[in-house]
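Novice: Here it is, the structure, as structure tokens.
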Amino acid sequence: MLSINNLHVKLGDEDKQILNGVDLKIGAGEVHAIMGPNGSGKSTLSYVLAGRDGYVVTDGSATLVGADLLAMAPEVRAAAGLFLAFQYPVEIPGVGNMTFLRTALNAQRKARGEPEVSAGDFLKLVRDKAKRLQIDADMLKRPVNVGFSGGEKKRNEILQMAVLEPKMCILDETDSGLDVDAMKLVAEGVNSLRNAGRSFLVITHYQRLLDHIAPDVVHIMATGRIIKTGGPDLALEVESNGYADLLSEAY
Amino acid sequence: MGMIQSRQDQLAARIAGQVPPLGLADARADALDRLAVTGLPGKRDEYWRYTDPMILNEPAARKAAVFDASDETPIFGAIDRLKLVFVDGIFDASASDPLDLAGVQIDRLAECQGSDHWAGAFYGVLEKAGQTPVNRPFAGLNSAFAREGVLIRVTGKATKPVSLIYIHKSDSSDVMLHHCIKIERGAEMTLLESGLAGARFNAVLEVELCEGARFHHIRAQGRNHDRHEVTHLFARLAAKALFKSFTLTANGALTRNEAVIDIRGDDAVAYVAGAAVGDGKFHHDDTVFVTHDALRCESRQVFKKVLKNGAVGVFQGKILVKSGAQKTDGYQISQALLLDGDSQFLAKPELEIYADDVKCSHGSTSGAIDETALFYLRSRGVPVSQAQALLVLAFLAESIAEIEDQAIAEDIRSRLEGWLARHDH
Ligand SMILES: Nc1ncnc2c1ncn2[C@@H]1O[C@H](COP(=O)(O)OP(=O)(O)OP(=O)(O)O)[C@@H](O)[C@H]1O
Ligand SMILES: [Mg+2]
């Protein structure tokens, strides 16, 4: 599904290298988790994959189902099936949440040569998915993320993911800021989307989320590289011991 | 002294050979007397600091190509309305609906002598009052010389909007229109204005709202490139009156819209709003002066401009709260979205407050499109031009929201959408 090879990334406007050769392969239907200290480059990796400006890829490659991700505009990546749930979801005053979702869904469908979804069908679709995430009608009407609580914003990201049905979902700290119940809702949302054709990359600091979303593979990222890869036990090790041992092992 | 003299010279050249129409002779003579004192505005006038009045001062209109807007359906086309058509500033009865609407008396200025008409004591009064504390010579010029316009007296609740439709056919037409509207106690009407009036256009609209009267005004200016246009809207509000005016401005070499709102009665409400879009060497100026002279009144000014490729936006907005006007609630916001580095927004927000128990706020910003929001939209699959249009419309939305009628607001929104689609690079 997603294949990242020796990815090196620096900032566009200053000479600061952030990713120093990331290697990562995620097969179809797999769930991978990335953990790592603050500032290790996890969000940068997710932004570079999604196509945000301001970064320069100095070496390496990233492909989605064989296609060169880095050559595509962000909207093309989305239509190809990539989705990033932002660590900090963006507020867009003046754009209604429903309008936003419908515009996005229909733009992706158009790009893939599929017919647009009618207003009526769309409403039904969103209502159904929103209900499962306990997002009320009021939140759907309001401008995108404006005045939403931290947890509401995160649930709204998962709603977008549920509506857009991407192939490769990257969740950047979707669990931070969620209360225990909301975390379960989000995990259920993710689990209900799990299938043989859809993959996940879950960035998190806490084992708690991984109790609900059982990952197949866990990676540890530090100073812009994956320094260790293992099974679910690796997350438990981090949870009890922190990163110190792992970091010293790696150097 | 030299400057004063040149103002008088400009006036003399501007009106040379022109004779005021016969009707409403006293009001016209009075306007001419006032003009003789002030002359026409000069570049160095504080009130014209950001907008050069010279082309408006010139004796003849500069040629303006007739603009073909047939790629769009006519604005307000789906709204049930009473249509009054002016071609290059001349009323076209054959293209207009009969001047016949329940609760509304409509006459032509061209047919009004004054003495036996309600407008005889009305014409030019608000314009004259609006000359202090700031001179507005183009409005005086208009009162002196305008031949055409409508005189509307509303005694009930108008069942549909009155729609003034301007058509531009001659590339050198120099048009003046003067409309008078009196809304009697508890009465209500909506006025629509649209179309291109002429190569050069000077418009005055005087609106008096009696107690509890309601007036809605929605105006669309554009999309032609060559026009030079100066408009004045004078409104006076009695107690519990409600006044809402919205203007859409697209392109145009020069557009200066002045609104002078005088709130005289307690518990009255006045909103003035505008959305302007300019792509190219265009210049829009909104100059607003709201005077609060009564208790517990509310005023709002909401102006949004989207500018690119050298377009210039100007906002001069003032709220004056007189000493007795306690519990005034005054709000003013002017914002520009600059889509490139060439465009410019010049704003002069002003508050002058002589009462101690008031709530007044004003803000003015200009900035570029929010790149983070743009990326967020694109990351969800929305193509960059569509994402940009969505953000621009979101920016303009706050001003469009000032329009009460949803169908009209939607029409305005779709015009802006069309404009953005035509100018998306
Ligand atoms: N646009 C930027 N300008 C300056 N520094 C940046 C920028 N983007 C990332 N960085 C730096 O790159 C490093 C990696 O940041 P990144 O956000 O990817 O870390 P992270 O692993 O997601 O951390 P956290 O766990 O705190 O979310 C940090 O040192 C950060 O300050
Ligand atoms: Mg991060």
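Novice: Considering A:119, A:104, A:79, A:111, which residue is open to solvent by less than 10 Å² (accessible area, probe 1.4 Å) and not hydroxyl-bearing (Ser, Thr, Tyr)? Even if it seems obvious, please write down each step before you answer.
Specialist: On the way: A:119 fails: open to solvent by less than 10 Å² (accessible area, probe 1.4 Å); A:79 fails: open to solvent by less than 10 Å² (accessible area, probe 1.4 Å); A:111 fails: open to solvent by less than 10 Å² (accessible area, probe 1.4 Å).
Just one listed residue meets the conditions, A:104.
Novice: Separate question: Please count how many residues of the range A:97-122 are more than 9 Å from chain B (Cβ to nearest Cβ) and among the small types (Gly, Ala, Ser).
Specialist: Final tally of qualifying residues: 4.
Novice: Given the structure, is residue A:93 surrounded by fewer than 18 Cβ atoms within 10 Å (Cβ to Cβ) and at the interface with chain B (Cβ under 9 Å from one of its Cβ atoms)? Walk me through it before giving the result.
Specialist: Details: surrounded by fewer than 18 Cβ atoms within 10 Å (Cβ to Cβ): yes; at the interface with chain B (Cβ under 9 Å from one of its Cβ atoms): yes.
So residue A:93 fits the description; yes.
Novice: Please work out if residue B:303 is closer than 23 Å to residue B:46 by Cα, in contact with a helix residue (DSSP H, G or I) (Cβ under 9 Å, 6 or more places away or on another chain) and not in a loop (DSSP other than H, G, I, E, B).
Specialist: On the way: closer than 23 Å to residue B:46 by Cα: yes; in contact with a helix residue (DSSP H, G or I) (Cβ under 9 Å, 6 or more places away or on another chain): yes; not in a loop (DSSP other than H, G, I, E, B): yes.
So residue B:303 fits the description; yes.
Novice: Which ones in the range A:19-42 are open to solvent by 30 Å² or more (accessible area, probe 1.4 Å), within 16 Å of ligand 2 (Cβ to nearest atom) and either of a type in the set (A, V, I, L, M, F, W, C) or touching a residue at least 40 places away in the same chain (Cβ under 8 Å) (or both)?
Specialist: Of everything in the range A:19-42, just one residue is open to solvent by 30 Å² or more (accessible area, probe 1.4 Å), within 16 Å of ligand 2 (Cβ to nearest atom) and either of a type in the set (A, V, I, L, M, F, W, C) or touching a residue at least 40 places away in the same chain (Cβ under 8 Å) (or both), namely A:37.
Novice: Then there is this: Mind listing whichever residues of the range A:22-40 are more than 8 Å from ligand 1 (Cβ to nearest atom) and either on the phi > 0 side of the Ramachandran plot or within 14 Å of chain B (Cβ to nearest Cβ) (or both)?
Specialist: Kept after step one, since they are more than 8 Å from ligand 1 (Cβ to nearest atom), are these residues of the range A:22-40: A:22-35.
A:29 - this is the single residue of the range A:22-40 that is more than 8 Å from ligand 1 (Cβ to nearest atom) and either on the phi > 0 side of the Ramachandran plot or within 14 Å of chain B (Cβ to nearest Cβ) (or both).
Novice: For residues in the range A:1-16 being within 11 Å of ligand 1 (Cβ to nearest atom), away from every other protein chain (no Cβ under 14 Å) and in contact with a strand residue (DSSP E or B) (Cβ under 7 Å, 6 or more places away or on another chain), which is farthest from residue A:71 (Cα to Cα)?
Specialist: That would be A:16.
Novice: Of all residues being at pLDDT 95 or above and outside any strand (DSSP E or B) in the range B:173-196, which is most open to solvent (accessible area, probe 1.4 Å)? Just the residue, please.
Specialist: My answer is B:185.
Novice: Being in a helix (DSSP H, G or I) and open to solvent by 50 Å² or more (accessible area, probe 1.4 Å) is the filter here, so list the residues in the range B:347-384 that pass it. Steps first, please.
Specialist: Here is the first cut: in the range B:347-384, the residues in a helix (DSSP H, G or I) are B:371-379, B:384.
Answer for the range B:347-384, where residues must be in a helix (DSSP H, G or I) and open to solvent by 50 Å² or more (accessible area, probe 1.4 Å): B:371, B:372, B:384.
Novice: Here's a follow-up. Quick one: how many residues across the range A:155-181 are part of a loop (DSSP other than H, G, I, E, B), open to solvent by 10 Å² or more (accessible area, probe 1.4 Å) and either within 16 Å of ligand 1 (Cβ to nearest atom) or more than 12 Å from chain B (Cβ to nearest Cβ) (or both)?
Specialist: Total meeting the criteria: 6.
Novice: Please go through the range A:41-73 and pick out each residue that is closer than 21 Å to residue A:111 by Cβ and away from ligand 1 (no atom under 16 Å from the Cβ).
Specialist: Scanning the range A:41-73 gives A:63, A:64, A:65, A:66, A:67, A:68, A:69, A:70, A:71, A:72, A:73.
Novice: Name the one entry in B:40, B:56, B:32 that is open to solvent by less than 30 Å² (accessible area, probe 1.4 Å) and either over 21 Å from residue B:177 (Cα atoms) or not in a loop (DSSP other than H, G, I, E, B) (or both).
Specialist: Answer to the check: B:56.
Novice: From the residues in the range A:118-145 that are more than 23 Å from the chain's Cα centre (by Cα) and among the aliphatic types (A, V, I, L, M), which one is farthest from residue A:97 (Cα to Cα)?
Specialist: Among them, the one singled out is A:119.
Novice: State all residues of the range B:95-125 that are open to solvent by 20 Å² or more (accessible area, probe 1.4 Å), polar (S, T, N, Q) and closer than 23 Å to residue B:158 by Cα; if no residue qualifies, say none. If you could, list the steps in order and put the result at the bottom.
Specialist: At the first step, the residues of the range B:95-125 found to be open to solvent by 20 Å² or more (accessible area, probe 1.4 Å) are B:95, B:97-100, B:102-103, B:105, B:107-108, B:110-111, B:113, B:115-118, B:120-121, B:125.
Retained after the next criterion (residues that are polar (S, T, N, Q)): B:105, B:113, B:115.
The answer is B:105, and nothing else.
Novice: Continuing with this model, one more query. Starting from the range A:61-76, take each residue that is under 17 Å from residue A:30 (Cα atoms) and list its partners that are among the small types (Gly, Ala, Ser), counting only C-beta distances under 6 angstrom and pairs at least six apart or across chains.
Specialist: Going by the 6 Å Cβ cut-off, the qualifying pairs are A:63/A:3; A:64/A:80.
Novice: Quick one: is residue A:19 out of contact with any Asp or Glu (no Cβ under 7 Å at 6 or more places or on another chain), more than 14 Å from chain B (Cβ to nearest Cβ), near ligand 1 (Cβ under 10 Å from one of its atoms) and part of a strand (DSSP E or B)? I'd like the intermediate steps shown before the answer.
Specialist: Numbers: out of contact with any Asp or Glu (no Cβ under 7 Å at 6 or more places or on another chain): yes; more than 14 Å from chain B (Cβ to nearest Cβ): yes; near ligand 1 (Cβ under 10 Å from one of its atoms): yes; part of a strand (DSSP E or B): yes.
So residue A:19 passes the test.
Novice: List the number of the failed condition for residue B:283; all other conditions in (1) open to solvent by less than 20 Å² (accessible area, probe 1.4 Å); (2) within 24 Å of residue B:199 (Cα to Cα); (3) at pLDDT 95 or above hold.
Specialist: Exception for residue B:283: condition (1).
Novice: Quick check on residue B:397: is it more than 12 Å from residue A:107 (Cβ to Cβ) and either more than 10 Å from chain A (Cβ to nearest Cβ) or in a loop (DSSP other than H, G, I, E, B) (or both)?
Specialist: Working: more than 12 Å from residue A:107 (Cβ to Cβ): yes; either more than 10 Å from chain A (Cβ to nearest Cβ) or in a loop (DSSP other than H, G, I, E, B) (or both): no.
Judged against the criteria, residue B:397 is not a match.
Novice: Kindly indicate which of A:144, A:126, A:186 is within 12 Å of chain B (Cβ to nearest Cβ) and more than 16 Å from ligand 1 (Cβ to nearest atom).
Specialist: A:144
Novice: Another question about this same structure. Are any residues in the range A:187-233 within 16 Å of ligand 2 (Cβ to nearest atom), open to solvent by 20 Å² or more (accessible area, probe 1.4 Å) and hydroxyl-bearing (Ser, Thr, Tyr), and if so, which ones? Walk me through how you get there before you give the answer.
Specialist: Here is the first cut: in the range A:187-233, the residues within 16 Å of ligand 2 (Cβ to nearest atom) are A:201-206, A:209, A:219-226.
Keeping just the survivors that are open to solvent by 20 Å² or more (accessible area, probe 1.4 Å) gives A:205-206, A:223, A:225-226.
Within the range A:187-233, A:206, A:223 qualify.
Novice: On to the next question. In this structure, does residue A:62 turn out to be assigned to a strand (DSSP E or B), at pLDDT 95 or above and more than 16 Å from ligand 2 (Cβ to nearest atom)? Before you say what the answer is, go through the steps one by one.
Specialist: On the way: assigned to a strand (DSSP E or B): yes; at pLDDT 95 or above: yes; more than 16 Å from ligand 2 (Cβ to nearest atom): yes.
Yes; evaluated as a whole, the condition is true for this residue.
Novice: Quick check on my filter: what residues within the range A:67-76 are within 8 Å of chain B (Cβ to nearest Cβ) and crowded, with 17+ Cβ neighbours inside 10 Å?
Specialist: So in the range A:67-76, the residues within 8 Å of chain B (Cβ to nearest Cβ) come out as A:73-75.
Residues satisfying the conditions are A:74, A:75.
Novice: From (1) surrounded by 18 or more Cβ atoms within 10 Å (Cβ to Cβ); (2) more than 14 Å from chain A (Cβ to nearest Cβ); (3) assigned to a helix (DSSP H, G or I), pick out the condition that doesn't hold for residue B:403.
Specialist: (3)
The values are calculated or read from the model by the stated rules, or taken from the named source; none is laboratory data. Just so it is clear, the model here is predicted, and its values are computed rather than measured. All Cβ positions, even for glycine, are placed from backbone atoms using ideal geometry, and neighbour counts span all protein chains on display. To get the accessible areas, we keep the full protein, side chains included, count just its heavy atoms, and leave off ligands, DNA and RNA. Shrake-Rupley method; radii C 1.70, N 1.55, O 1.52, S 1.80 Å.
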